[in-house]
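Below is one structure, written out as C-alpha cells; comments come after it.
Laboratory data are not the source of any read-out in this text; all were calculated from the coordinates shown. These numbers were taken from a predicted model, which means no experiment stands behind them. Quick reminder, even Gly has a Cβ in these numbers, built from the backbone with ideal geometry, and neighbours come from all protein chains shown.
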C-alpha cells in the first residue's frame, strides 16, 4: 500500500496554492487526454493497416497503393474540421479572458495610473540571484533610470520622484507578497464606493473609520486579490518558476513582463530558475514568502523606514566626500 501511495504521489500535481492554478492543472489534464486519444487512435489505425495489408493476404506488393480518394478526402476533411474547431475554441477563450474585467480590474487601473501599485513587485533576475523592488507606504512605484544604477541604488530608482522616495529595494533575499482577500461592496450607502467594487481588508477598515460601520455594506466574497510580478533581467535570460503558483515566465533583458497569480495560503514556496543561465545556475534558488495583509503592511512600513535611513546615511557620506 505504501508503494502504491508513493506511485500515486509521484504522478500527482505539486501542492496548489493559487486560486487560478486549478485551470492550469485542468489544461495539463486536457492535453494529456488529447494525446491519449491520439495515441489510441493511431494504435488502432496501425493495427488495422498491419492486419489488412498482411503478406498472406497480399503476397504481391501493389506499388500504386490505394486507388480510391475516399481516404484522402476524409483525412483532408478531418484536418479542416479540427483546424476550424481550434480557431473557434481559441477565439472563445481569448474573448473570455480579455473581457474578464472583474478579476483583473485593479491591474488595468494600475496600468492607467488610476490606482496605487500596492500589489506589484518588480523582480529583477541576475546571475545568480533574485532582487525585488516594492512600493512604499505611498502605494506607488517610483520611476527608474538606468543611468542611476549603482551599488547604493541597484534598481536605478529616481529618489527625487515623489512616488520613488519611499520605495523598498531588497537584494538577494526572500520575495514577500501579501495574501489579500477581497470585500465586495453590496450597498455603498453614504460612501463614494460603487456596487460590486472590491476592497482590501485595509481599505474596508479605513472606510469603517471614515464613514462608520453602518454607513455601507460589504461582504467577503471569497475572491483573492491578484499579485503582479513585473519581471525583467539584468544580464542573461532567466526563468521565474514557482510550481505551487503554477507560474513560469522567462525574464528577458530589456523587457518588463507582468505575470499574475492569486496566492491562497501563507507560507514559504521555492522559486527556481527554469532556464540554464550560466555556471552558477544551480545556485539561483529563492523563496516566495506569502504573508497576511496585516504582516505585509507592517513589513512595508519597517523596510521603507530602513531604506530612508540608509539613503540619508549615503547622502551624508557623499557630502563629506565632496567637502
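From its DSSP helices (H runs of at least four residues, each -39,500 (n - 2.57)), the chain gives a residue-normalised ellipticity at 222 nm of -13000 deg cm²/dmol. Give the calculated FRET efficiency between residue 249 and residue 146 to the nearest 0.05, with a Förster radius of 22 Å applied to their Cβ-Cβ distance. Efficiency, rounded to the nearest 0.05: 0.50.
Divide the volume of the convex hull around the Cα atoms of region 130-258 by the residue count and you get 140 Å³ per residue. Most fluctuating residue of 136, 278, 21 in a GNM of the chain with Cα springs under 10 Å: which is it? Its mean-square fluctuation being the largest, the pick is 278. Here, region 1-62 is characterised by an Rg to Rh ratio of 1.32, where Rg is the alpha-carbon radius of gyration and Rh the Kirkwood radius.
GNM remark for the chain: springs join alpha carbons under 10 Å apart, and the peak mean-square fluctuation among 131, 95, 153 falls on 95. Rounded to two decimal places and with Rh computed the Kirkwood way over Cα pairs, what is Rg over Rh for region 17-103? My calculation puts Rg/Rh at 1.20. Counting only DSSP beta bridges with both residues in the chain, the antiparallel share comes to about 75 percent. Per-residue packing, averaged as other Cβ atoms within 10 Å, sorts the ranges 220-229, 189-198 into the order 220-229, 189-198, beginning with the highest. If you wrap the Cα atoms of region 189-268 in a convex hull and average its projected area over all directions, you get 7.7 nm². Of the labelled options (1) 34, 20, 18; (2) 65, 18, 15; (3) 51, 28, 20, which one gives semi-axes √(5λ) of the Cα gyration tensor in Å as computed for this structure? Given (1) 34, 20, 18; (2) 65, 18, 15; (3) 51, 28, 20, the structure-derived one carries the label (3). Packing order of peptides 33-41, 122-130, 52-60, highest average first: 122-130, 33-41, 52-60 (average count of other Cβ atoms within 10 Å over each peptide's residues).
Region 61-81 and region 134-154 have Cα centres separated by 64 Å. Considering only alpha-carbon pairs that sit under 8 angstrom and 6 or more positions apart, the relative contact order computed for the chain is 19 percent. Look at the alpha carbon pairs under 8 Å that are at least 6 residues apart: their mean separation over the length of region 182-223 gives a relative contact order of 55 percent. All C-alpha to C-alpha distances of region 182-223, sorted into 10 Å bins beginning at zero, yield P(r) values of 35, 61, 4 percent in whole numbers. With each label modelled as a point 7 angstrom along the Cα→C-beta vector, the residue 160-residue 192 pair spans 3.1 nm. Largest mean-square fluctuation among 258, 137, 14, in a Gaussian network model of the chain whose springs join Cα atoms under 10 Å apart, belongs to 14.
Rounded to the nearest 0.05, the FRET efficiency derived from the C-beta distance between residue 64 and residue 42 at R0 = 22 Å is 0.35.
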